[in-house]
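One structure is given below, encoded as structure tokens.
The values are calculated or read from the model by the stated rules, or taken from the named source; none is laboratory data. None of the values given here were measured: they were computed from a predicted structure. Note that each Cβ is placed from the backbone with ideal geometry, even for glycine, and that neighbours are counted across all protein chains shown. Please note that ligands, DNA and RNA were not included when accessible areas were found on the heavy atoms of the full protein model with its side chains. Shrake-Rupley method; radii C 1.70, N 1.55, O 1.52, S 1.80 Å.
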Amino acid sequence: MLNNSQVMPEYSRETLDDFIRKFPETPFFSGRGVVISAGGPYVHLAYLAVRSLRLQGCGLPIQIWHLGPDEFPASLREPFRSYKVEFVNSFDYLDRFPMNLGGWQNKIFSIVRSPFNEVFSFDADNFALANPEGLFDSDLYKAEGHLFWPDFENGDPVSRIKPYAWEFLGLPALENAELESGQLLIDKSRNWRPLQVALHMNANSDFYYKKCTWGDKDTYRLAYSYLGDPLAVVPFRPKFISKEFEIWNQYSPNGKSMFQHGRKWRVPLNLNRFIRGYEMEDEAFEWLEEFLSLS
């Protein structure tokens, strides 16, 4: 039992401000790469994500960050090796970078701790319809060194930033400000300060997830807003392919359909239903069948 001298202080805005005053220096990173946080029920989905990226011509190195062998057993990794995927155990980094890791927290942890300077973060349940490497040449990305995607405008209440977030940070509330972190592009050297603030918010998820956000995705909006830094967001909102299966399209900065995001694919195979409007469904089904046969 803790005595009074051992009681942890309650999280406050001063906690955040104190962290900002003591920012760690930007380490050296180099090159570009893809990071995917995956494990458990998302392993087979990560395989489809990787296959879709490679089919679209993405030649960037891909790392899959997981929460230990229990979540991503070695027996399930073999199908990935033909597609030049490296596996990284996030727990191996905790001695140097302590953090309470869960599925959401591991996404930003993988971005920050990966060796790449320019990172394309891709959800395990996402599916590429085009090569994301072209996004590095987009005007939006070049202007700010990052690219985010919007979430649904006036959607379900759980997709909105909680009102207390703005009150806590002392900022005017922004309408339709929510972001979707199923994919994002970021140059860490140019965005180290807001990236560190977002990481800090996720490291203090007991406070932020409960009172300010519904997970990792809106910590980016809050971090950039609190620092007063500009935020580059694709000007096209997502559109549902299927509300029943919660699958939606996200678009490129010029309005081209680019990603299908949603946990459509299930195991065993007979649980899957074909959905009108879902692109490359036959290929995805074949990949899933292949993964199950090889793992």
### Query
Excluding ligands and nucleic acids, what accessible area in Å² is computed for Leu135 using a 1.4 Å probe, to the nearest 10?
10 Å²
### Task
Note down the accessible area of Ile161, probe 1.4 Å, to the nearest 10 Å².
20 Å²
### Query
Put Asp139, Asp218, Asp95 in order of accessible area, largest first, 1.4 Å probe: what do you get?
Asp95, Asp139, Asp218
### Summary
Residue-ordered couplings for the range 58-68, obtained by feeding phi - 60° into the Karplus form 6.51 cos²θ - 1.76 cosθ + 1.60 and rounding to whole Hz (Gly and Pro as x), are 6, x, 5, x, 10, 10, 10, 9, 9, 9, x
### Task
Report, in whole Å, the centroid distance computed from the Cα atoms of the range 257-277 and the range 208-256.
21 Å
#### Entry: Estimated vicinal HN-Hα couplings, Hz - the range 95-103 in sequence order (Karplus 6.51, -1.76, 1.60; Gly, Pro = x)
4, 8, 10, x, 6, 6, 9, x, x
### Task
Take the Cα coordinates of the range 1-125, assign each an equal point scatterer, and use the Debye formula without solvent to give log10 I(q)/I(0) at q = 0.13 Å⁻¹.
-0.62
### Query
How big, on average over all directions, is the shadow cast by the Cα convex hull of the range 77-116, in nm²?
3.5 nm²
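Quick one: net charge of Gly255's neighbours, Cβ under 13 Å, K/R +1, D/E -1?
Around Gly255, the surrounding residues sum to +3.
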### Task
Compute the long axis of helix 43-55 from its Cα atoms, compare it with the longest principal axis of the Cα atoms of the chain, and write down the angle in degrees, 0 to 90, nearest 10.
70 degrees
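Using only the heavy atoms of the protein chains and a 1.4 Å probe, how would Thr219, Thr15 rank by accessible area, largest first?
On the way: Thr219 0, Thr15 50 Å².
Result, largest first: Thr15, Thr219.
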### Task
For helix 281-294, report the angle its Cα long axis makes with the longest principal axis of the Cα atoms of the chain; keep it between 0 and 90° and round to the nearest 10°.
90 degrees
### Query
Check Ile241: other-chain or 5+ apart residues with amide H under 5 Å from its amide H, H built from backbone geometry?
Ile247, Trp248, Asn249
### Query
When ligands, DNA and RNA are left out and all protein chains stay put, how many square angstrom of accessible area per residue does the chain have with a 1.4 Å probe?
47 Å²
### Message
I need two numbers for the range 128-213: Rg to one decimal and Dmax as a whole number, Cα atoms only, in Å.
### Response
14.6, 40
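Normalising by the residue count of the chain, find the relative contact order in percent from Cα pairs under 8 Å and 6+ residues apart.
About 21 percent, as a whole number.
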### Query
Using alpha carbons only, what's the Rg to Rh ratio of the range 207-295 with Rh from Kirkwood?
1.09
### Query
Once phi is turned into ³J(HN,Hα) by the Karplus curve 6.51 cos²θ - 1.76 cosθ + 1.60 with θ = phi - 60°, what whole-Hz value does each residue of the range 225-241 show in order, with x for glycine and proline?
5, 5, 7, x, 8, x, 10, 8, 10, 4, x, 10, 7, x, 10, 5, 8
### Sequence-separation-based contact order of the range 18-113, relative, with Cα cut under 8 Å and 6+ spacing, percent
32 percent
### Query
Top to bottom by accessible area (1.4 Å), largest first, where do Glu286, Glu180, Glu118 land?
Glu286, Glu118, Glu180
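Using a probe of 1.4 angstrom, how much of the accessible area of the chain is carbon and sulfur, in percent?
After summing per-atom areas, the C and S share lands at 50 percent.
Could you work out the local net charge near Val88, counting Lys and Arg as +1, Asp and Glu as -1, over the other residues with Cβ closer than 15 Å to its Cβ? Mind showing how you got there, number by number?
Values: positive: Arg77, Arg81, Lys84, Arg96, Lys107, Arg113; negative: Glu71, Glu86, Asp92, Asp95.
Overall, the nearby charge balance is +2.
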### Task
Diagonalise the Cα gyration tensor of the chain and give the resulting equivalent ellipsoid semi-axes, square root of 5 times each eigenvalue, largest first, whole Å.
31, 22, 19
### Task
Kindly report, to the nearest 10 Å², the accessible surface of Tyr278 as traced by a 1.4 Å probe over protein heavy atoms only.
20 Å²
